[in-house]
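I have placed the structure first, in the form of structure tokens, so that the comments after it can refer back to it.
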Amino acid sequence: MHETIHDMAEDVATLMKERLSIRGRDLATKLRHTGRMMPNRLKREAAYLAEAVQLSENPRLQKMIDMERAEAAHRDCLEFLQKVDAADRRKGVVLGVLASLAMTFLVVAALIIIVLVWRGYI
């Protein structure tokens, strides 16, 4: 049995919250906060799902929804989001911050040594 558009969008929105920690009340809101966390192709597919949810609200506009594309978008988004490891993402963020701090420390230390040599203290 085919899932409804609302169920598909809810599945994607739930995984976006769990795996990418994106807040928002629905898929359209979460997509605005996605940034570079998802590839552009998948953001377009998820945006199609969000648009299809809006179209499904109106019985006359439901005919405009391409269910094959919606199912493919749902499948592709779920496939990507299930591969995302939240712990690995957090570890990457922490390592990025630590690398930035280490580089800043090295630059400041080098500048201090250069100034001390220039002034004749070393």
### Task
Please indicate, with yes or no, whether at least one residue in the stretch 28-44 is touching a Gly at 6+ places or on another chain (Cβ under 7 Å), without any contact (Cβ under 8 Å) to a residue 60 or more places away in the chain and loosely packed, with under 14 Cβ neighbours inside 10 Å.
yes
### Task
Go through the stretch 75-105 and give me each residue that's farther than 15 Å from ASP11 by Cα, surrounded by 10 or more Cβ atoms within 10 Å (Cβ to Cβ) and of a type in the set (D, E, K, R).
ASP85, ARG89, ARG90, LYS91
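So which residues in the stretch 43-61 are in contact with a helix residue (DSSP H, G or I) (Cβ under 7 Å, 6 or more places away or on another chain) and closer than 15 Å to MET8 by Cα, if there are any at all? Before you say what the answer is, go through the steps one by one.
Pass one, the stretch 43-61, residues in contact with a helix residue (DSSP H, G or I) (Cβ under 7 Å, 6 or more places away or on another chain): 43, 45-50, 52-53, 55-56, 61.
Of everything in the stretch 43-61, those that are in contact with a helix residue (DSSP H, G or I) (Cβ under 7 Å, 6 or more places away or on another chain) and closer than 15 Å to MET8 by Cα turn out to be LYS43, GLU45, ALA46, ALA47, TYR48, LEU49, ALA50, ALA52, VAL53, LEU55, SER56.
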### Query
Within the stretch 42-72, which residues are more than 27 Å from LEU20 (Cα to Cα) and in contact with a Cys (Cβ under 8 Å, 6 or more places away or on another chain)?
none
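Restricting attention to the stretch 5-27, report how many residues are surrounded by fewer than 17 Cβ atoms within 10 Å (Cβ to Cβ) and either touching a Gly at 6+ places or on another chain (Cβ under 9 Å) or of a type in the set (Ser, Thr, Tyr) (or both).
Here is the first cut: in the stretch 5-27, the residues surrounded by fewer than 17 Cβ atoms within 10 Å (Cβ to Cβ) are 6-7, 10, 14, 17-18, 21, 23-26.
From what is left, the residues that are either touching a Gly at 6+ places or on another chain (Cβ under 9 Å) or of a type in the set (Ser, Thr, Tyr) (or both) are 14, 17, 21.
Total satisfying the criteria: 3.
Read-outs: derived from the displayed coordinates by stated rules, not from any lab. Bear in mind the structure is a predicted one, so any value in this text is a computation, not a measurement. Glycine also receives a Cβ, built like all others from the backbone with ideal geometry; neighbour counts cover every protein chain displayed.
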